[in-house]
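The values are calculated or read from the model by the stated rules, or taken from the named source; none is laboratory data. Computed from a prediction, not measured in an experiment: that's the story for all the values here. Here the Cβ is made from the backbone with ideal geometry for all residues, glycine too, and neighbour counts use every protein chain on show.
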Amino acid sequence: MADNPIHRDGYPDDGTGTWIEKPVMEIGNKRYLRYVIRTHLVKPGENLTRTLLPYCQNRVTTKDIVVIGEKVVAISEGRTVPLSHVKPGWSARFLSRYVRQLGYGLGLRRPETMEMAIREAGLPRIILAAGIGACGRILHRSGDFYRIAGRRVASIDGPGPTTIPPYDEYIVLAPCSGDRVANQLSKALKAGVAIVDVNDIGAEVLAASKNVDKNLVVNLLHDNPMGQGAQRTPMAVLRPTHWATGQ
């Protein structure tokens, strides 16, 4: 099914506020409607509970799960570092040479991003993660580096080819207040809310309001319906239908 734009009333002509319907997904004996939402460009210092609320208010139900990309939360917290302010040390330049490129961006292959990983986790932990990651590759196992380096490193988002300006000149670090944002928005919307890290190689729930099924969210986002950067769709709504797959 082709993407279907809906719900645009009252928003600018640039597409802000558009709900875009994605292909229905089946999980177990249920089907789920999935919508991604085109938003404004979030800036540091924003109160997300106030600025994101209008996109979903009076449009979601108690059975819906509202999903927000972690990068939006981090940007609102000011967890951004200009590339021009990062001077990679020798360790960062050396270690970045041995990082495999996964997905659409350079990730830690960029020395500046590796430098921020070292600052976030400490050089000993990054060296340990690199060593265990190398052993894992020999055993045809992936993900060991980030399991050892930790979530704060895995969430670092360096600029890629689809990153929207001005953030194409910034490194975005892991958010600090995902639980608070999820709970505040959940209370305001009377719906479940999850803060997620989603890319073209997988999905992970970093924070969620009470009673959100994190495994369900991961399964519904595994094909990355929110896209990368240029789509400007850092929000999504996951909605169960009222009929089973056998009907």
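Residues in the range 217-237: is at least one closer than 30 Å to residue 91 by Cβ and surrounded by 15 or more Cβ atoms within 10 Å (Cβ to Cβ)?
Narrowing the range 217-237 to residues closer than 30 Å to residue 91 by Cβ: 228-229.
Adding the requirement that they be surrounded by 15 or more Cβ atoms within 10 Å (Cβ to Cβ) leaves 228-229.
Within the range 217-237, one or more residues are closer than 30 Å to residue 91 by Cβ and surrounded by 15 or more Cβ atoms within 10 Å (Cβ to Cβ).
For residues that are in a helix (DSSP H, G or I) and without any contact (Cβ under 8 Å) to a residue 12 or more places away in the chain, scanning just the range 116-131, find the one that is farthest from residue 175 (Cα to Cα). Talk me through it step by step, then tell me what you get.
Initially, the range 116-131 is screened for residues in a helix (DSSP H, G or I), giving 116-121, 123-131.
Within this subset, residues satisfying the condition of being without any contact (Cβ under 8 Å) to a residue 12 or more places away in the chain are 119, 124, 131.
Working: 119: 15, 124: 23, 131: 27 Å.
This residue is 131.
Looking only at the range 25-49, count how many residues are aliphatic (A, V, I, L, M), part of a loop (DSSP other than H, G, I, E, B) and within 16 Å of residue 236 (Cβ to Cβ). Steps first, please.
If we filter the range 25-49 for residues that are aliphatic (A, V, I, L, M), which is where we start, we get 25, 27, 33, 36-37, 41-42, 48.
Right, trim to part of a loop (DSSP other than H, G, I, E, B) and you get 41-42.
Checking the rest, the ones that are also within 16 Å of residue 236 (Cβ to Cβ) come to 42.
Of the residues in that region, 1 qualify.
Taking the residues in the range 144-158 that are in contact with a Ser or Thr (Cβ under 9 Å, 6 or more places away or on another chain) and not acidic (Asp, Glu) as candidates, determine which candidate is modelled with the highest pLDDT.
Only one residue fits best here, namely 156.
If you take just the helices (runs of 4 or more DSSP H) that sit entirely in the range 133-197, which of them hold at least 2 residues that are touching a strand residue (DSSP E or B) at 6+ places or on another chain (Cβ under 7 Å) and crowded, with 21+ Cβ neighbours inside 10 Å?
Ranges flagged: 178-189.
Residue-by-condition table, conditions (1) closer than 21 Å to residue 217 by Cα; (2) surrounded by fewer than 18 Cβ atoms within 10 Å (Cβ to Cβ); (3) among the acidic types (Asp, Glu):
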site: 29; (1), (2), (3): yes, yes, no
site: 33; (1), (2), (3): yes, yes, no
site: 51; (1), (2), (3): no, yes, no
site: 55; (1), (2), (3): yes, no, no
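Assess whether residue 20 counts as being part of a strand (DSSP E or B), under 18 Å from the mean Cα position of the chain (by Cα), at negative phi and at pLDDT below 95.
Judged against the criteria, residue 20 is a match.
Are there any helices (runs of 4 or more DSSP H) wholly within the range 50-115 with 2 or more residues that are outside the structural domain of residue 153 (by TED's automatic domain parsing) and on the phi < 0 side of the Ramachandran plot, and if so which? Working first, answer last.
Numbers: elements: 53-56, 70-76, 90-96.
Hits in the range 50-115: 53-56, 70-76.
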